[in-house]
Amino acid sequence: MARDGKNSRHSRSDREEVELVEKLVAINRVAKVVKGGKRFGFSAIVVVGDGKGRVGHGTGKAREVPEAIQKATEQAKRHMVRIPLREGRTLHHDVTASYGAGKVHMRSAVPGTGIIAGGPMRAVCEALGIQDVVSKSIGSSNPHNMVRATFKALQMITAPRQVAARRGKKVGEILSRRAQGEVKDNG
């Protein structure tokens, strides 16, 4: 009986893996200096998401590129987080975050705007399932810092329901009149 439950869990995770979007952000050749010369390896940064509000990132190092990508993908799948999205297409509010010397600013956008973001930020937004966002990276363009700063910013986002619950109010009391109309229409 326990085995059947375990097997069903594995088959469910296999189905989830099929739906995941994997984005390779960067590959870097790294060298280790040893007595006989240099040993070259590769490091990879991968972003994985389901396109419906869950996303994760990971890094991997190996002697060959495919192995590094595989390690990074596995780490990204293990560290997935859920991000609340408004109408499943954009952010609830503007947010700014920094990691190291990299700073990112992300703003919600109207339908039809698309993803206005560069490099690593675009990969995170596409994997997450954001369709409309305006973003800007300031400072370091290092992919590691940009991905981490983007994740830090996304984790700061709070849905109106969460804010209302924390304050002990109703969602309608928190949102402006225009935003209330949007919430009632989408329901």
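Throughout, read-outs are computed from the coordinates displayed, never taken from laboratory work. Since the model is a prediction, treat every value here as computed from it, not as a measurement. Ideal geometry is used to build each Cβ from the backbone, glycine not excepted, and the neighbour counts take in all protein chains shown.
Odds and ends about this structure:
- Cross-link reach list, lysines versus Lys152, counting only Cα pairs under 24 Å and skipping chain neighbours closer than eight places: Lys23, Lys52, Lys61, Lys71, Lys77, Lys103, Lys136
- Per-residue ³J(HN,Hα) for region 45-60, Karplus 6.51 cos²θ - 1.76 cosθ + 1.60, θ = phi - 60°, Hz, x for Gly and Pro: 10, 10, 10, 10, x, 9, x, 10, x, 10, 8, x, 9, x, 10, x
- Amide H to amide H, with H built 1.01 Å from N, His92 comes under 5 Å of Arg86, counting only residues 5 or more places away or on other chains.
- Sorting the segments 159-171, 42-54, 103-115 by their residues' average number of neighbouring beta-carbon atoms within 10 angstrom, most packed first, yields 42-54, 103-115, 159-171.
- 5 Å-binned pair-distance histogram of region 84-186 (Cα, whole percent): 2, 13, 22, 22, 16, 12, 8, 4, 0
- Within the shell of other residues whose beta carbon sits under 13 angstrom from the beta carbon of Phe42, the net charge comes to +4, with Lys and Arg scored +1 and Asp and Glu -1.
- Note, ³J(HN,Hα) from phi for region 169-175, Karplus 6.51, -1.76, 1.60, rounded to Hz, x at Gly and Pro: 10, 8, 4, x, 6, 8, 6
- More than 13 Å apart - percent of Cα-Cα pairs taken over region 103-153: 50
- ³J(HN,Hα) computed for each position of region 91-98 - Karplus, 6.51 cos²θ - 1.76 cosθ + 1.60, integer Hz, glycine/proline x: 7, 6, 7, 6, 8, 10, 8, 9
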